[in-house]
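The values are calculated or read from the model by the stated rules, or taken from the named source; none is laboratory data. All values derive from a computational prediction rather than experimental measurement. Glycine gets a Cβ as well: all are built from the backbone with ideal geometry, and neighbour counts include every protein chain shown.
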Amino acid sequence: MENPVINRTLMAGIEIVVVEGGSQLRDFIDLPWNIYTGYPRWVPPLKKEVRRLLDPRRHPFWSSAERRLFLARRGSVVVGRIAGIIDRRYNEFHGEQMGIWGFFECADDPAAAAALFSAVETWALQKGMAFVRGPLNPSTNYEVGLLVEGFDYPPALMMAYNPPYYPGLVESCGFAKEKDLFAFLIDGDYRLPEWMDSLAGRIARKKGVRIQPFRPKDEDAEFARVKEIYNDSWSGNWGFVPLSDGEMRDFQKSVMTFADPDLAFFIYYEDEPAAVCIIFPDINPLLNRLNGQVGLLGLLKVLLYRREINGLRCLMFGIKDKYRQLGIPMLAFHHIFEVVRQKNKYRSLEMGWTLEDNEAVNTLAVEAGARPYKRYRIFRKSLCNSASLY
């Protein structure tokens with residue numbers, strides 16, 4: 001029988017509390033507003049969306065996963081939070097026993113960080129896990145990584161931001177780098193180098209190759225194609241976990257309210273979808289105005305400040321494995337730049353994230369005019385004798 005983690009334990013003046021709901025869950029969700037005082041580039045998430053993402057009864061991710069939430073208190077003050085996560089879908093796909101830590105926020109308090117990570121490691125050990133990886137919030141299909149370079153820039157949509165002291169807290173708890181992720185930025189003139197533009201033109205003239213814009217009137221079938229291409233093209237990548245049908249439906253429902261159909265397209269080869277690219281308007285400037293709440297005042301802010309949305313985020317670009325020799329990335333860049341120039345309202349495009357060792361994609365991004373401007377880090381720690389049971 002499982003030896004449960006007790007609800008409270010004390011370490012170095014820090015009280016660790018297992019979140020059961022109610023005011024504890026509210027404290028968990030509200031904590032970042034205390035942590036990020038003095039960090040103006042942080043973009044507050046919508047609290048109702050954080051609550052929904054964490055709710056096993058409402059969010060489809062949890063149909064094949066479980067989680068335990070922890071708070072760290074020093075006296076009566078909440079100074080940290082963390083989630084322990086077991087993603088059975090990932091572990092079955094990779095044949096691993098991986099525990100996850102995510103949703104980490106903490107004051108610059110090494111004792112609090114140590115107590116939080118110890119709680120997650122203990123829980124993961126009790127679940128039979130061999131190692132812990134993070135931050136994943138809650139998997140690589142969502143927000144991932146700690147920012148380690150690029151603190152002078154605000155985050156793009158669905159990208160992380162954290163104080164510069166976070167990596168040091170994580171490393172002090174015995175975690176080491178496992179993988180870095182890059183984000184690239186294109187700003188200024190959206191024009192390909194002449195050689196790439198010429199090559200894209202030749203690819204576009206190949207028999208059987210065509211670009212098919214996203215069709216909102218047929219969105220169910222279009223998102224089914226997105227899921228098919230995504231799960232095919234990313235299946236061999238580090239950290240990949242397939243999107244479930246429920247997660248894709250949830251994603252579809254969430255993004256259709258602000259998506260720009262002109263910025264999502266498929267590339268077909270002989271009438272079969274070979275690649276997909278999805279770019280969203282970066283609504284983070286608007287989220288910054290909302291400060292975590294919508295309500296009536298929030299709706300007014302949406303109307304007043306929509307014009308501040310002048311950046312883009314490339315959320316997904318995937319090519320089925322059997323079509324990777326067709327030169328599709330060049331064709332995609334050419335199409336993206338043409339659409340962005342025609343719209344004449346977007347000043348920047350973030351492409352990310354990419355794996356640090358994906359040299360082909362990273363080199364192509366730079367050749368197309370992008371510059372690496374942020375680095376995120378995933379950490380790992382073996383659980384062999386790493387945590388003491390309470």
Query raised in the report: Considering the range 75-105 alone, what residues qualify as being among the β-branched types (Val, Ile, Thr) and either under 20 Å from the mean Cα position of the chain (by Cα) or not assigned by TED's automatic domain parsing to the domain that holds Tyr166 (or both)?
Result: Ile82, Ile85, Ile86, Ile100
Report task. Could you tell me which residue of the range 126-147 is nearest to the chain's Cα centre (by Cα), considering only residues that are farther than 14 Å from Phe104 by Cα and of a type outside the set (D, E, K, R)? Result -> Tyr142
Report summary line: Only one of Phe28, Phe103, Phe61 is surrounded by 13 or more Cβ atoms within 10 Å (Cβ to Cβ), within 16 Å of Tyr166 (Cα to Cα) and not charged (D, E, K, R), namely Phe103
Query - Pairs with Cβ under 9 Å, 6+ apart, first in the range 340-369 and assigned to a helix (DSSP H, G or I), second among the charged types (D, E, K, R) and surrounded by 12 or more Cβ atoms within 10 Å (Cβ to Cβ) - result: Arg341/Arg191; Gln342/Asp262; Lys343/Asp260; Lys343/Asp262; Asn362/Glu356
Report summary line: Exactly one of Asn141, Asn162 is assigned to a loop (DSSP other than H, G, I, E, B), touching a strand residue (DSSP E or B) at 6+ places or on another chain (Cβ under 7 Å) and in the same structural domain as Gly80 (by TED's automatic domain parsing), and that one is Asn162
Query raised in the report: Take the residues of the range 160-170 that are within 30 Å of Leu286 (Cα to Cα) and surrounded by fewer than 24 Cβ atoms within 10 Å (Cβ to Cβ): which is farthest from the chain's Cα centre (by Cα)?
Result: Tyr165
**Report entry** Any hit, the range 68-76, residues being loosely packed, with under 13 Cβ neighbours inside 10 Å and either modelled with pLDDT of 95 or more or not in a strand (DSSP E or B) (or both)
**Finding:** yes
Query raised in the report: Being over 17 Å from the mean Cα position of the chain (by Cα), among the aliphatic types (A, V, I, L, M) and either in the same structural domain as Leu46 (by TED's automatic domain parsing) or not in a helix (DSSP H, G or I) (or both), is that true of even one residue in the range 277-288?
Result: no
Report summary line: Counting only residues that are surrounded by 12 or more Cβ atoms within 10 Å (Cβ to Cβ) and part of a strand (DSSP E or B), the range 171-210 contains a total of 13
